[in-house]
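Let me begin by presenting the structure, written as structure tokens, before commenting on it.
The values are calculated or read from the model by the stated rules, or taken from the named source; none is laboratory data. Treat the numbers as computed from the prediction; the structure is a model and nothing was measured. Reconstructed Cβ throughout: ideal geometry from the backbone, glycine too, with neighbour counts over all protein chains shown. These accessible areas exclude ligands, DNA and RNA; they are computed on the full protein's heavy atoms, side chains included. Shrake-Rupley method; radii C 1.70, N 1.55, O 1.52, S 1.80 Å.
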Amino acid sequence: MNPRQYPGLNGRPEPRVQNDPDRGESALQKLDRNWTDLLQELRVLQTGIQILTGFLLTLPFQERFTTLSPIQVGIYLALVVLSVLVTAVLMSTVVMHRSFFQRRIKYQLVRNSDLLLRWTLVLVGLILIGTLGLVFDLVLGGWAGAVAAGAAALVLLLLWIVVPQRSRRLAVRRKLESST
């Protein structure tokens, strides 16, 4: 196959991906596995975001929506925009896959999709925090909304950053100790 026909991005060659001897995988098999893992994560997120976006889009049709304060309406509209944005970011991985298809640049596909998935998680976190805050604000009042949003932010910070970082550090330490 002509290498000029399928160059990496910007005409540069693809970065070298190392074989994974622990799994007995070639570099291409490793990329395929990573891509499949990313797709599974995207599927989980897609379902949740579709449900949340649907929920947000039905709110203006509720009678109580007309009683929202301007701040509540602003928060609601920001949540709708974030929800549409996260849907667009999720869909961009599909668009990228289509544009990279059969170009032999899977490394870039996996790398870029990983980055988009990370941004998706940030946006999902903001939507979850904002939605919980808005619901508590509507049901119990402004302070309850702020406390609920703050608590949600703290829980997400712990579950999505602190726990995984700590677990990874411990796993790496154990792996290093067992190899020595």
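Round to the nearest 0.05 the FRET efficiency obtained for GLN165 and THR47 when R0 = 30 Å and r is the Cβ-Cβ distance.
Calculated value: 0.65.
Apply 1/(1 + (r/R0)^6) to the Cβ-Cβ distance of TRP119 and LEU154, taking R0 = 25 Å, and write down the FRET efficiency to the nearest 0.05.
Result of the calculation: an efficiency of 0.70.
What number, in nm² with one decimal, is the all-direction average of the projected area of the convex hull of the alpha-carbon atoms of the stretch 101-180?
It is 8.3 nm².
Using only alpha carbon pairs under 8 Å that are at least six residues apart, calculate the relative contact order of the chain and give it in whole percent.
Here the relative contact order equals 21 percent.
Rounded to the nearest angstrom and ordered from largest down, what semi-axes does the equivalent ellipsoid of the chain get from its C-alpha gyration tensor (root of 5λ)?
Square roots of five times the eigenvalues give 40, 24, 11 Å.
Counting only residues 5 or more places away or on other chains, whose amide H sits under 5 Å from the amide H of GLU25 once H atoms are built in the peptide plane?
Hits under the 5 Å cutoff: ASP20.
Place a +1 charge on the Cβ of each Lys and Arg in the chain and a -1 charge on the Cβ of each Asp and Glu, then give the dipole magnitude about the Cα centre in debye, rounded to the nearest 20.
820
Report ARG64's accessible area, 1.4 Å probe, all protein chains in place, as a number in Å² to the nearest 10.
Counting only protein heavy atoms, the figure is 140 Å².
Could you tell me whether the stretch 81-127 comes out rounded, prolate or oblate from its Cα gyration tensor? Rule is a ≥ b ≥ c as square roots of the eigenvalues, rounded for a/c under 1.5, then prolate if a/b exceeds b/c, otherwise oblate.
Taking the square roots of the gyration eigenvalues as a ≥ b ≥ c, the stretch 81-127 is oblate.
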